[in-house]
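Encoded as structure tokens, the structure appears first; notes follow it.
The values are calculated or read from the model by the stated rules, or taken from the named source; none is laboratory data. Note that the structure is predicted; figures quoted are calculated from it, not measured. Cβ placement follows ideal geometry from the backbone for every residue including glycine, while neighbour counts extend to all protein chains displayed. Protein only, heavy atoms only, side chains kept; ligands, DNA and RNA dropped before computing areas. Shrake-Rupley method; radii C 1.70, N 1.55, O 1.52, S 1.80 Å.
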Amino acid sequence: MQAMDTVTAPTAATAATAATAATAATTAAGARRQASLELAVLGNCTVGALVDAVGRIVWCCMPRLDSAPVFDALLQSAGGLPDDGSMVVELDGMVRSEQAYDARTAILRTRLWDTLGQGVEIVDFAPRFVTRDRAFRPAQLVRRIVPLAGRPRIRIVVRPRADWGAGELHMTRGSHHLRYVMPGLTLRLNTSAPVTYVADASWFVLATSVALLLGPDETLGGNIDDTAREFEERTSHYWQRWTRRLAVPLEWQDAVLRAAITLKLCQYEDTGAIVAALTTSVPEAPARAGEFGRNWDYRYCWLRDAFFVVRALNGLAEVGTMEGYLQWLHNVLRGTHGGRVQPLYGVGLEADLPESIVAQAAGYRGMGPVRVGNQAHEHFQHDVYGSIVLGAAQSFHDQRLFRRGDGADFALLEAMGEQAWRLHDQPDAGIWELRTRARVHTSSTLMCWAACDRLARIADALVQPARAVLWRERAEHIRALILERAWSVERNAFVESLGGRDLDASVLLMGEVGFLPPQDPRFVATVEAIERHLGDGPFLRRYEAADDFGLPRTAFNVCSFWRVDALARIGRRDEARAAFEALLARRNALGLLSEDLDPSTGELWGNFPQTYSMVGIVNGAIRLSAPWDGVV
């Protein structure tokens with residue numbers, strides 16, 4: 001792709017030093033493009049959207065990250081990506097496309113070129129900036145379409161859908177806007193393009209730049225084009241200032257910055273919740289004949305995943321995400337009254353997330369089912385108590401925070417510690433959320449240990465020696481249990497459950513949470529056993545035993561990053577760097593990862609973008625990078 005630094009848009013000087021993408025035109029006139037995860041992410045911590053390599057918005061939920069999608073073409077793609085459920089700019093005679101983010105921002109530029117060398121640029125973003133000392137992040141997408149060369153002929157298609165296509169949608173016209181009226185939601189599209197052409201999806205010659213602002217049904221006070229340009233400039237400045245404050249490692253800075261921005265976009269800032277991914281029901285692996293897919297809804301806040309996000313961003317000195325999340329978490333814990341905590345909740349603290357199948361949605365490439373809700377909210381997953389304590393622990397030690405943890409917060413966390421202590425040797429569904437089997441999973445017991453261990457350290461910080469002694473004694477008891485019963489002499493490794501024999505990548509977290517010194521021969525042997533039995537080159541499967549659906553066929557990306565971390569910890573640093581580079585090479589063209597990867601094809605599968613996977617990029621770079629003092 002040619003560099004975008006020749007673009008005449010206001011942010012041209014910063015364009016396209018990040019990832020790029022190039023695609024060919026569709027193979028036949030009128031043929032639909034196949035859905036893929038070669039997607040870019042737009043967002044502003046209120047809404048998120050996914051854009052394919054030719055600038056089609058194929059997924060967007062409004063007005064929240066977990067709302068019903070207004071653009072759902074990604075999951076209606078049995079015969080290719082349809083116009084219905086999309087927002088499209090189509091160039092007549094297109095033969096190639098180029099795509100990149102503006103450096104250090106969430107602003108995306110897509111260029112389309114036709115057979116005559118005529119071209120257009122599509123600038124996409126969700127507004128985010130500070131005004132009047134408050135964050136401005138409306139449930140809105142902005143799209144600017146700029147002619148680059150010649151007299152390109154385009155058509156603009158905006159076809160939102162109600163209730164996955166089952167609900168009624170009525171479009172009304174104004175002088176410079178269209179309204180899309182759906183049950184419970186009305187969207188307004190303010191545009192400087194001819195309204196008739198947009199409403200009818202007519203072809204027309206793009207003689208000058210036009211703008212489209214899609215969002216709440218509110219009157220726009222200013223000029224449409226001026227507003228779009230102003231929003232773009234202010235959004236660009238916001239993200240550049242945000243990334244400038246990050247303490248990035250010396251190496252792999254582009255990868256880390258893109259991962260950090262993407263992780264931030266997965267926070268629903270109104271409440272502080274962090275969703276595991278922006279999508280539902282992208283299958284973990286290509287479906288086989290007769291298979292009922294591994295398709296799940298990840299648009300909720302898993303306390304486990306959120307802890308890893310907070311920990312990764314804290315490692316870059318970005319503590320604002322943690323502060324917002326801890327406010328949400330505090331509300332969750334107050335609502336439990338010291339009792340059971342679910343593994344996940346809705347972004348608005350919803351506890352009931354009933355799982356259902358959307359009959360009218362064909363699924364990603366026709367690989368259903370499409371699910372809404374997640375039955376895992378009913379699970380008992382005992383590692384959640386460790387995730388809670390670890391996620392909040394830094395607030396008791398970090399003097400930069402606006403609100404540090406205090407005695408009342410400690411009491412709330414101690415109630416979670418009591419749950420961890422009570423349940424550390426009891427069966428649960430485990431980190432992988434098995435639906436038909438309960439065991440005393442090593443990873444769950446490990447996180448219960450972590451809860452007690454960190455509570456002892458917090459008690460030290462608060463000068464509560466009696467409580468520190470209590471929690472340290474409990475942590476030692478759980479540690480002894482793990483060392484005795486999770487170690488398999490037969491396998492010469494720690495195994496997935498107490499008294500079990502199967503290997504599981506989640507035991508690699510022993511290194512990350514500080515359970516054992518990295519050079520402990522039992523940990524080293526475990527890393528080696530997991531590599532032999534779960535590895536496929538640099539890629540790692542989650543576990544070796546069959547689950548509810550049979551044997552896993554794809555690598556789980558975060559497990560591959562856990563291996564990288566473990567290799568570095570045990571002194572195999574060169575191998576860790578090589579594996580990390582191999583994983584980075586499997587990101588899509590915009591630098592993003594989903595949950596899973598097919599080692600045989602390199603294709604990404606699973607929900608997208610997956611926070612777990614993006615966390616792995618940040619943590620791996622921090623762990624492996626050469627130090628700054630080697631160059632400054």
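Between helix 303-314 and the chain, what is the angle of the helix's C-alpha long axis to the longest principal axis, kept within 0 to 90° and rounded to the nearest 10?
Between helix and principal axis, roughly 80 degrees.
Helix-only estimate, please: 222 nm mean residue ellipticity of the chain, summing -39500 (n - 2.57) across DSSP H runs of length 4 or more and dividing by its residues, to the nearest 500.
It comes out at -10000 deg cm²/dmol, rounded to the nearest 500.
So what is the diffusion coefficient of the chain in µm² per second by Stokes-Einstein at 25 °C and 0.890 mPa s, using a Kirkwood Rh over Cα pairs? Please list the in-between numbers first.
Details: Rh = 25.3 Å.
It comes out at roughly 97 µm²/s.
What is the list of residues in the range 255-282 whose amide nitrogen lies under 14 Å from a point 7 angstrom out from the Cα of PHE549, following Cα to Cβ?
280-282
How much length is gained if the chain between ALA466 and GLU575 is pulled fully straight, taking 0.36 nm per residue apart and subtracting their Cα-Cα distance, in nm to one decimal?
34.8 nm is the gain from fully extending ALA466 to GLU575.
Starting from the amide H of ILE274, placed 1.01 Å from N in the peptide plane, find each other amide H under 5 Å away whose residue is 5 or more places distant or on another chain.
It is TYR268, by chain and number.
At 37 °C and a viscosity of 0.692 mPa s, what translational diffusion coefficient does Stokes-Einstein give for the range 415-474, taking Rh as the Kirkwood radius over Cα pairs? Give it in µm²/s as a whole number.
Answer from the Stokes-Einstein relation: 270 µm²/s.
With bins 10 Å wide starting at 0, give me the P(r) of the range 448-528 over every alpha carbon pair, in whole percents.
19, 44, 25, 11, 1
Give the share of C-alpha pairs in each 10 angstrom bin for the range 105-243, from 0 to the last occupied bin, in whole percents, shortest bins first.
11, 38, 34, 16, 1
Tell me, in nm to one decimal, what length is gained between MET171 and TRP628 on full extension, where the rule is 0.36 nm per residue of separation less the Cα-Cα distance?
On the way: separation 457, 0.36 × 457 = 164.52 nm, distance 5.62 nm.
So the chain would gain 158.9 nm between MET171 and TRP628.
Note down the nm distance, to one decimal, between modelled labels 7 Å out along Cα→Cβ at GLU528 and at VAL95.
Between GLU528 and VAL95, the simple spin-label model gives 5.8 nm.
How far apart, in nm, are two points set 7 Å out from the Cα along the Cα-to-Cβ line at ASP83 and at ASN314?
Result: 5.1 nm between the two label points.
Can you pull the one-decimal nm distance between simple spin-label points at ARG244 and ASP520, each 7 Å off the Cα toward Cβ?
It is 4.5 nm.
Arranged from highest to lowest average of other beta-carbon atoms within 10 Å per residue, in what order do the peptides 399-407, 277-285 appear?
277-285, 399-407
Gain in length, ARG234 to SER356, computed as 0.36 nm per residue apart minus the alpha-carbon separation, to one decimal in nm?
39.9 nm
Near the amide H of VAL70, under 5 Å away, which other amide H atoms are found, from residues 5 or more places off or on another chain, if H is placed in the peptide plane?
Placed amide hydrogens put CYS60, CYS61, MET62 under 5 Å from VAL70.
Projected onto the charge dipole of the chain (+1 at Lys/Arg Cβ, -1 at Asp/Glu Cβ, origin at the Cα centre), which of ASN607, GLY339, GLY315 gives the Cα projection farthest towards the positive end?
Going by the Cα projections, it comes out as GLY315.
For a quick protection proxy, order the peptides 305-314, 427-436 by their average other-Cβ count within 10 Å, most packed first.
305-314, 427-436
What percentage of the solvent-accessible surface of the chain, computed with a 1.4 Å probe over protein heavy atoms, is contributed by carbon and sulfur atoms?
Working: 11200 of 22920 Å².
Here it works out to 49 percent.
FRET efficiency for PHE380 and ASP133, Cβ-Cβ distance as r, R0 = 45 Å, nearest 0.05?
0.55
What do you get for the angle between helix 465-485 and the principal long axis of the chain? Use alpha-carbon atoms, 0 to 90 degrees, nearest ten.
Helix 465-485 sits roughly 90 degrees off the main axis of the chain.
Whole-Hz ³J(HN,Hα) for each residue in the range 179-186, computed from phi via Karplus 6.51 cos²θ - 1.76 cosθ + 1.60 with θ = phi - 60°, x for glycine and proline: what do you get?
10, 10, 9, 10, x, x, 7, 10
Over the chain, calculate the relative contact order: mean separation of alpha carbon pairs under 8 Å at least 6 apart, over the residue count, as a percent. Show your work: numbers first, answer last.
Details: 1451 pairs, mean separation 77.0, N = 632.
Result for the chain is 12 percent.
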